[in-house]
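Scroll down for the structure; my scribbles are underneath it.
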Amino acid sequence: MAETITNWFVTNLQSSFAREFIVFIVSMLPILELRGGIIAGFALQMNWLPTFIIAFIGNLLPIPFILLFIRYIFKVLKKTPLRAFVAWCEKKADKKSDQIRKYEYWGVFLFVAVPLPGTGAWMGALISVLLNLNPKKTFPVIVLGVLTAGIIVSILSFGLLGSLGYGA
């Protein structure tokens, strides 16, 4: 699903926006995050290092806001027609929180670092808030997780696929 959405962004925005901007925006979005940004950079035939740096920064930009404000935002949204969406987000985060609950900060790191669908910085930050983990301790752990995921996705996208003749 993430690849399909990423391809939509690339296809529909590449004639109007700079490649770097597309990678940055895709990396900021939940679900797509860093993995989508790196895939977008690969599809846009960017070099791996600028793609990695832009996707890394784009993925991390929303995280402090999630860590600091999501509880308040959810509280406000629960009083609106979006309360079902908030309940869905909380249920999804709770469902994925078992391992994080058990290992706390190591759990957050592993959850963010393994680039699988449904994992990543957004969900890791949301789960850490719902588990009342300290945001000052959680943010550096998420940074390391995003860095690790970025290395893995870059190697898979640019290394493996690049060696097969795809990408920049």
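For this structure, a couple of remarks:
- Selection count where residues are among the aliphatic types (A, V, I, L, M) and modelled with pLDDT under 95, scope the stretch 1-28: 5
- Residue check, ILE38 at pLDDT below 95, surrounded by 19 or more Cβ atoms within 10 Å (Cβ to Cβ) and part of a helix (DSSP H, G or I): yes
- The stretch 13-35 - residue that is in a helix (DSSP H, G or I) and among the β-branched types (Val, Ile, Thr) and, of those, surrounded by the fewest Cβ atoms within 10 Å (Cβ to Cβ): ILE25
- Check on SER157, over 19 Å from PRO30 (Cα atoms) and buried (at least 18 other Cβ atoms within 10 Å of the Cβ): yes
The values are calculated or read from the model by the stated rules, or taken from the named source; none is laboratory data. Because the structure is a prediction, the values reported are computed rather than measured. Cβ coordinates were reconstructed from backbone atoms using ideal geometry, including for glycine residues, and neighbour counts include every protein chain displayed.
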